[in-house]
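Read the figures in this text as sums done on the coordinates, not as results from a lab. Not measured: the values here are computed from a predicted model. Here the Cβ is made from the backbone with ideal geometry for all residues, glycine too, and neighbour counts use every protein chain on show.
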Amino acid sequence: MTPEAAPESFTPERSVLACVDTSHDSTWVLVHADAMARAFRIPLTLLRVIDPVPETSGLPDPVDWAIRRHEALSTLERLAASTWLKTVPNLTLLEGLPGDEICRAASLQKAALVVMGVHCLCGHTSLSANVRKVLERGEGRVLLVPLPEASNEAPKYQRILVPLDGSCWSESALPTAQRLAHATGAELVLVHITTPPDLTSGLLFEPEDIDLRQRFVKRDQCIARNYLQRMGDELVDQGLKVRTLALLGVDPRSGIDEVMRDDAFDLVVLSAWGHGRARISDLPYGNVVAYLAGHSSVPVLVTWPGQLKQTTSDGGSASSRAADSAFE
């Protein structure tokens, strides 16, 4: 069965929506949003959300509201006038709960990409409630930007990591990664983490049990290498630089984490769903996205696939070709 992707493209009226506030994160968020707007050749919009005035027994003070609005607009104008910004942005100012308003703006503007700081409007080290709300919206693309040691330098996407697990869902991230690689000249690194089967009977295992487990691992690694080779060859045929990594790990999250520690990546592009989607279909994103969103030291671009039909497992599928049609 060939997977089918719902048509989707970066059209001129769609934009990169950069969510900014008064924190230091905003500068780095805007740097990446600007780079994405230029790579995808679409407009850039800066969004600032003013928190609602706390409810009181009296009427809201119109003077206080005017001051808060003026300060928020000044923040937007200051960021828009940054000398390192290469795109002339549109400005949007909204009032309300930040997470709700970001989701509403993304829907109304049909944003091609929402860019947020990992701790957007949060101020502490945990993943902010606003970021979780946007992820739970479960559509479009979201770029989560961690706060770096130094900012204001235009990001150079030279090496992009793309985790794949053999499912058509994970492959739906390839068109976005492919388009970025074409625009920036980046190398795509496709990684597949093979996990050994669990032996959970609680009994002592016979030598033949251990041998069977090892044969399963060897077979899975061979399938993973062949699968990545096919995916990589398709991208190389389109003029891209591609490297593949088929690795053995206890868990995909720790495996990807190890890959990122061993090599210098500038960006991770992955689908919100993997093969676990076939078992758990009511969650907006999987545990790999949840882990990377809170732990990655480089920006993470999460994509949500359209209505995809899973293929029968033969070590690969044609879903990357089907998904590519969304960008033609």
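Here are the numbers for this structure:
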| quantity | calculated |
| --- | --- |
| Lysines with Cα under 30 Å of Lys218, excluding same-chain neighbours fewer than 8 positions away | Lys241, Lys309 |
| Under 19 Å from Lys110, Cα to Cα: lysines that are on another chain or at least 8 residues apart | Lys133 |
| Reachable lysines, given that their alpha-carbon falls under 20 Å from the alpha-carbon of Lys86 and they are not under 8 places away in the same chain | Lys156 |
| Stokes-Einstein D in µm²/s, Kirkwood radius over Cα pairs - segment 38-119 at 37 °C with 0.692 mPa s viscosity | 227 µm²/s |
| Highest-first arrangement of 230-240, 129-139, where packing means the average Cβ count within 10 Å | 129-139, 230-240 |
